[in-house]
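Below you'll find the structure, written out as structure tokens, and then a few comments.
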Amino acid sequence: MLELRSAASEEDVSAFLAIRAAVDPDFPMTREAFDDERTTPGRLDVLALLDGRPAGGAFVERQFGDPTSSTAAISVRVLDSCRRRGIGARLLEHVARHAEGFGATELYAIARTEADDLLAFYAAHGLREVGRVQDVELFPSEVEVAADAPPGIEIVPLGARAELEAGMYEVARQADADVPAARRTRTGSFEQWRRRSLGSSLVERELSFVALEGDAVVGYTILGRAASGDATHWMTGVRRDRRGRGIATALKRAQIAGARAAGIPTLRAQNDLANAAMRRVNEKLGYRARLEWVHVAGPLRV
């Protein structure tokens, strides 16, 4: 007998996280990350039990936490021993109905390039490849970087300086629109941007930096912890009329130097393959490719 229920109890949350770790041990989810993501608009976490035993899990939420998005980000995972019994299809139908309830018309998912079964599953349900993202990593202890800046630019830690956030938002309104991605992030209002970019408990404000030209914010970079707990570059943006001066590189150098001083063992970043400019910055700084993610999307069908 198959039962689907919301992962609400402590027991169910533990089972949900254990399934994620078993299916993709390189990318487990911490409890802190789970609790943080539960606050995302439209979020629902579902546990599948086969004859009373945890067999799979899925989640759905509005993409990028945008409360107006008609795209639903989903993930479906089933234990190896429980596959080909229709569990994944039931989970997908369940989260799709939830997404329909908040007005979604499209489903969007991500899988590693080597996850053949998962990619085939998504394809069988009408999701087709729309883009690829490169996952890169760097070991701060193995590199020497100078936290310098171009002439006229000062790089400062964000820390508790809330007065810099409005300027960061104005840069984000340009940067978000210019990132080449299959589905671009809608910056939204200042409050929406701040909740998505800085409101999480996973943000490392002391290792996030702002580029100033006088009193004006001309760039920023945000570091946070990924679902797995790894320190990850969340976003780097520079004002359009200040690009090409090395500001993005200087911001990332400051982050690497800060991470090295803090004893952080690994820094990770993800960039769309189409984002050649940021990929060049990462390569210049010593980041090395780790793997690729396939992004798939398709119409919501229930």
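The values are calculated or read from the model by the stated rules, or taken from the named source; none is laboratory data. Source: prediction; values computed, not measured. As a convention, Cβ positions derive from the backbone with ideal geometry for all residues, glycine included, and neighbour counts pool all protein chains shown. What goes into the accessible areas is simple: the full protein's heavy atoms, side chains included, and nothing from ligands, DNA or RNA. Shrake-Rupley method; radii C 1.70, N 1.55, O 1.52, S 1.80 Å.
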The correct ranking of V302, V143 by accessible area at 1.4 Å, largest first, is V302, V143
Where a label projected 7 Å from the Cα of F190 along Cα→Cβ would reach, residues of the stretch 210-229 with amide N under 19 Å: 210-213, 215-221
Peptides ranked, highest mean first, by Cβ atoms within 10 Å: ranges 215-227, 127-139: 215-227, 127-139
Keeping all protein chains in place and using 1.4 angstrom, which order do W193, W234 fall into by accessible surface area, from largest down? W234, W193
With a 10 Å cut-off between alpha carbons and a GNM built on the chain, which of Q63, Q174, Q270 moves the most? Q174
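Over the Cα atoms of the chain, compute the convex hull volume and normalise it per residue, giving Å³. Please report the intermediate quantities before stating the final value.
Numbers: hull volume 38.1 nm³, N = 302.
So the per-residue Cα hull volume is 126 Å³.
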What is the local net charge at F139, summed over the other residues whose Cβ is closer than 13 Å to its Cβ (Lys, Arg +1; Asp, Glu -1)? 0
Full-extension gain in nm, R288 to D230, via 0.36 nm per residue minus C-alpha separation: 19.3 nm
Order T187, T113, most accessible first, counting only protein heavy atoms with a 1.4 angstrom probe. T113, T187
11 Å cut-off, amide nitrogen to a point 7 angstrom out along F139 Cα→Cβ, residues in the stretch 233-275: 265-266
Highest mean first, how do 102-112, 276-286 rank when packing is the count of other Cβ atoms within 10 Å averaged over residues? 102-112, 276-286
The extension gain from T266 to R84, computed as 0.36 nm times the residue separation minus the Cα-Cα distance, is 61.8 nm
